[in-house]
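The values are calculated or read from the model by the stated rules, or taken from the named source; none is laboratory data. All values reported here derive from a predicted model rather than from experimental measurement. Note that each Cβ is placed from the backbone with ideal geometry, even for glycine, and that neighbours are counted across all protein chains shown.
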Amino acid sequence: MESKAHGNSPVAILIFDGDCGFCTSTANFIVRRALGKIEAHPWQFVELAKFGLTTKAASAKVQLVSGGKNYAGHEAFVQIMQISGPPVLRQLSLIALVKPFSYAARALYWLVARYRHKLPGGTPACKMPR
């Protein structure tokens, strides 16, 4: 799954769980909305070391590689908003990085990841191991 702007390189690489239907649908949505600014690839088909990632990290949380930095979980989604979100969401998303709101954002990410197999597009293969 790729999305390249006309002749430009993407701003970021989104690395997600390709075995999960919910994750794949979400990654496709992000790529469509990002208009070439973000590429998405399942972690199962990426040379993780090239991005400074391990299988453990990539399988635990969605990863975003942008500007030479790696972002995971809710921080990845904040960066996605910063790269391709509408101006209002860009500003609002920054709240998720500030305590105590960051605790709530981290908990929300955990809930979505934990129950992704029950969300639209989710399948039993999406279920996270306990």
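A few points about this structure:
- When TYR71 is tested against (1) in a helix (DSSP H, G or I); (2) within 20 Å of GLU39 (Cβ to Cβ), just one condition goes unmet, and that condition is (1).
- Lone qualifier among PHE29, PHE22, PHE77 - being outside any loop (DSSP other than H, G, I, E, B), surrounded by fewer than 17 Cβ atoms within 10 Å (Cβ to Cβ) and of a type in the set (A, V, I, L, M, F, W, C): PHE29
- When the stretch 32-49 is filtered for residues that are surrounded by 17 or more Cβ atoms within 10 Å (Cβ to Cβ) and assigned to a helix (DSSP H, G or I), the ones remaining, listed by number, are ALA34, TRP43, LEU48.
- Being closer than 24 Å to VAL11 by Cα and modelled with pLDDT of 85 or more is not true of PRO100.
- When residues in the stretch 75-127 are screened for being within 21 Å of GLY36 (Cα to Cα) and in contact with a Phe, Trp or Tyr (Cβ under 8 Å, 6 or more places away or on another chain), 4 of them pass.
- Residue in the stretch 54-69 that is closer than 17 Å to ALA113 by Cβ and in contact with a Gly (Cβ under 7 Å, 6 or more places away or on another chain) present: yes
- ALA57 vs. criteria within 18 Å of PHE16 (Cβ to Cβ), loosely packed, with under 14 Cβ neighbours inside 10 Å and small (Gly, Ala, Ser): no
- Some residue of the stretch 90-113 being in contact with a helix residue (DSSP H, G or I) (Cβ under 8 Å, 6 or more places away or on another chain) and in contact (Cβ under 8 Å) with a residue 60 or more places away in the chain: no
- When GLY52, GLY121 are checked against the criterion of being in contact with a strand residue (DSSP E or B) (Cβ under 7 Å, 6 or more places away or on another chain), among the small types (Gly, Ala, Ser) and surrounded by fewer than 19 Cβ atoms within 10 Å (Cβ to Cβ), a single residue qualifies: GLY52.
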